Amino acid sequence: MAALNVEIGELRLRNPVLTASGTFGYGVEFQDFVDLAELGGIVVKGTTLRPREGNPSPRMAETASGMLNCVGLQNKGVDYFSSHIYPRIKDLPTRVIVNVSGSTIEDYAECARRIGELEEIPAIELNISCPNVRQGGMAFGVTAEGAASVVRAVRRAYGKTLIVKLSPNVTDITEIARAAEAEGADAVSLINTLMGMAIDAKRRRRVLSIGTGGLSGPTVKPVALRMVYQTSRAVKIPVIGLGGIMTATDAVEFLLAGATAVEVGTANFIDPGVSAKIVRGIDEYLVKHGFSSVKELIGALEE
């Protein structure tokens, strides 16, 4: 075997494969399908300061080479997470990272602070694709100023590894990444879902309850690869790549593009054991091509 360990800030991972938020529950749901000890870590579903009901059904739709979702961050809030979910996941045999969301800067910071009190949660992933209720619903992450304001507040409230998840629905993602880095982010993850829409021609209606949703799956991979490539060359902090990763080859491509680690998302709905297969596939690639460590692969794309 080649050496698979990587570091994201002070967070040490046994290998570069994580599961993406919203696609792997809290990890315990997948224990019958995959040995969690084989994974670098899991990013659990989005957590907010207060409970959220999410959007009404239908809120998922299959598309060509992907899927749309408008779940709407349904969760029972950070206090419920701390008292009921955390005791069930704190001893899982892998790194557990909590995805944090919010509607105001204060909500983000307070939610992060409370997560920071949980000893066995070494990192959070900050979802800045959420709508800012004080600015007419515009997502925090679509402007450098909006991203900086959230990261700055959370960095003051949270002392562990801070990963900022970037929205692809922007003109220049590197500008947003640099803003996050300047305010103290330890890493950035990208991409979050692309905005999309589905229409039922027979009924002449929108498929999703709120009309639009986040597009994920293989269809977004070329966009994600391009953005990871650009961002890894624009910032000095680690980049975590995600978007359409279905196989070990897909993951290797993201590593070559400059990602230090990857997240597997939509593929979990097709094969709940796919993340462990990707770990093994990366190792096989490294051995076959004469690499002694996965770190040698990061950004090793020949120009």
Considering only residues that are of a type in the set (Lys, Arg) and within 24 Å of Ile124 (Cβ to Cβ), look in segment 32-67 and name the one that is surrounded by the most Cβ atoms within 10 Å (Cβ to Cβ). Lys45
Taking the residues in segment 194-227 that are under 20 Å from Thr247 (Cβ atoms) and of a type in the set (S, T, N, Q) as candidates, determine which candidate is surrounded by the fewest Cβ atoms within 10 Å (Cβ to Cβ). Thr219
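Here's the yes/no breakdown for (1) at pLDDT below 95; (2) more than 15 Å from the chain's Cα centre (by Cα); (3) part of a strand (DSSP E or B); (4) not hydroxyl-bearing (Ser, Thr, Tyr):
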{"position": "His84", "(1), (2), (3), (4)": "no, yes, no, yes"}
{"position": "Arg88", "(1), (2), (3), (4)": "no, yes, no, yes"}
{"position": "Val98", "(1), (2), (3), (4)": "no, no, yes, yes"}
{"position": "Arg114", "(1), (2), (3), (4)": "no, yes, no, yes"}
{"position": "Ser129", "(1), (2), (3), (4)": "yes, no, no, no"}
Restricting to segment 9-59, what's the tally of residues that are out of contact with any Cys (no Cβ under 8 Å at 6 or more places or on another chain), in a loop (DSSP other than H, G, I, E, B) and not aliphatic (A, V, I, L, M)? 24
Failed condition for Asp107, given (1) in a loop (DSSP other than H, G, I, E, B); (2) acidic (Asp, Glu); (3) surrounded by 15 or more Cβ atoms within 10 Å (Cβ to Cβ): (1)
Suppose we keep only residues that are hydrophobic (A, V, I, L, M, F, W, C) and surrounded by 21 or more Cβ atoms within 10 Å (Cβ to Cβ) within segment 86-104. Which one would you say is nearest to Ala153 (Cα to Cα)? Val100
For segment 61-81, which residues satisfy the criterion of being free of Cβ contacts under 8 Å to residues at least 24 places away in the same chain and either in a strand (DSSP E or B) or farther than 16 Å from Gly213 by Cα (or both)? Glu62
In segment 171-198, the residues that are in a loop (DSSP other than H, G, I, E, B) and either more than 16 Å from Ala153 (Cα to Cα) or touching a Pro at 6+ places or on another chain (Cβ under 6 Å) (or both): Thr171, Asp172, Ile191, Asn192, Thr193, Ala198
Residue list for segment 221-247, restricted to those being assigned to a helix (DSSP H, G or I) and of a type in the set (Lys, Arg): Lys221, Arg226
Considering segment 149-170 alone, what residues qualify as being buried (at least 20 other Cβ atoms within 10 Å of the Cβ) and either assigned to a helix (DSSP H, G or I) or touching a Ser or Thr at 6+ places or on another chain (Cβ under 6 Å) (or both)? Val150, Val151, Ala153, Val154, Ile163, Lys165, Ser167
Note on segment 281-303: residues without any contact (Cβ under 8 Å) to a residue 40 or more places away in the chain and within 16 Å of Leu18 (Cα to Cα) are Gly281
Any residue in segment 234-246 that is under 21 Å from Glu175 (Cβ atoms) and either of a type in the set (Phe, Trp, Tyr) or surrounded by fewer than 16 Cβ atoms within 10 Å (Cβ to Cβ) (or both)? yes
Pairs returned, first residue in segment 243-254 that is farther than 15 Å from Val274 by Cα, second residue that is at pLDDT below 95, beta-carbon separation under 7 angstrom, 6 or more apart or interchain, are none
Exactly one condition in (1) buried (at least 20 other Cβ atoms within 10 Å of the Cβ); (2) over 25 Å from Ile270 (Cβ atoms) is false for Ser21; which is it? (2)
Those residues of segment 264-303 which are in contact with a Ser or Thr (Cβ under 8 Å, 6 or more places away or on another chain) and in a loop (DSSP other than H, G, I, E, B) amount to Gly265, Thr266, Ile298, Gly299
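The values are calculated or read from the model by the stated rules, or taken from the named source; none is laboratory data. Because the structure is predicted, anything quoted here is derived from the model rather than measured. Cβ atoms come from the backbone with ideal geometry, glycine included; neighbour counts cover every protein chain shown.
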